[in-house]
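The values are calculated or read from the model by the stated rules, or taken from the named source; none is laboratory data. What you see is a predicted model; the values in this text were computed from it and never measured. All Cβ positions, even for glycine, are placed from backbone atoms using ideal geometry, and neighbour counts span all protein chains on display. Heads up: the accessible areas ignore ligands, DNA and RNA and are worked out on the full protein's heavy atoms, side chains in. Shrake-Rupley method; radii C 1.70, N 1.55, O 1.52, S 1.80 Å.
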Amino acid sequence: MTATEEPRARRAQNRKVVKRRARILELLAGGDAPLRNEELARHFGVSLATIRRDLSELETSGELSRTYGGAVSAHPEFLHLGGITPTNLARKKAIAKRAAALIADDSLVILDAGTTAEQLSFALDNTRRITVITNGIRPINALALQDKVTVVVLGGTLDIAHDSITGVDAEKMLESMHGNYAFMGAVQISPERGIGSLSYEQARLKTQMMAHASQVYVMADAAKLHNRPYPYWSPFPKRWTLITDTDADAEMLRRLQRSGAEEILLAKV
């Protein structure tokens, strides 16, 4: 290939990639179920590695959501009822990967709702035979195709705005359960108040989740480690571990340690 032909070939290849990714989004928008990696690879006549790379790039740009072995449109009604778009996705993925490495086979895992919990569900990648108890619509859908995972859905009132299920029924179910781990999300972390929530019902359920687990892990990216006036809070348990990212403020981490965090795990983004 001559020096003139090489840039031309590269431009043609780039156009091909852009066209294929646009067509992937069209296919997802036209259906109401996930598309499998194998189906997409066959459809476009490319390798699975190429499809995974396409889906990863499209997920990073917020144009789709990946499921185990496939992908769905970023905003299908059956998946993300509240239409919440994840922020700080790279941080959440790094935290989720660190959290997933802590989970052993044959464990009972209590998993909170939210976008970080969703990423933890993806990070499990059907590699462990576990039971997950959750109130999160996002984790439920991310785990639905992972046949090694038994999913127990907490009953209660559907909170469409926050992709979760809350209420007295969910709290009652937890009374009959005790998890090896509880992995909690948060809209905010405060050394004085604990885990911030957007509703009273969420705060109550988070408190119950932490009370029914042997080990509590709070997953919060660096952007959430700042004091803001959220109205609803769940106090930290006596023993808990923070999983955050390497951009976390050092002084805030020291304050959290003084408030009872036994360990702080930093995920590299």
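Remarks
- Scanning region 236-269 for residues that are open to solvent by 80 Å² or more (accessible area, probe 1.4 Å) and either assigned to a loop (DSSP other than H, G, I, E, B) or under 15 Å from residue 186 (Cα atoms) (or both) gives 238, 239, 247, 268, 269.
- Considering region 200-235, the residues that are of a type in the set (Lys, Arg) and either surrounded by fewer than 21 Cβ atoms within 10 Å (Cβ to Cβ) or in contact with a Cys (Cβ under 8 Å, 6 or more places away or on another chain) (or both) include one that is farthest from residue 111 (Cα to Cα), namely 228.
- Checklist (1) open to solvent by 20 Å² or more (accessible area, probe 1.4 Å); (2) of a type in the set (D, E, K, R); (3) modelled with pLDDT under 95 applied to residue 92, failing item: (1)
- Residue count for region 28-73, restricted to those that are open to solvent by 20 Å² or more (accessible area, probe 1.4 Å), in contact with a strand residue (DSSP E or B) (Cβ under 6 Å, 6 or more places away or on another chain) and aliphatic (A, V, I, L, M): 2
Residue by residue, here is whether (1) more than 23 Å from residue 167 (Cβ to Cβ); (2) modelled with pLDDT of 95 or more holds:
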site	(1), (2)
86	yes, no
103	yes, yes
128	yes, no
131	no, yes
138	no, no
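- Qualifying residue in region 238-254 (condition: within 16 Å of residue 174 (Cβ to Cβ), at pLDDT 95 or above and touching a helix residue (DSSP H, G or I) at 6+ places or on another chain (Cβ under 9 Å)): no
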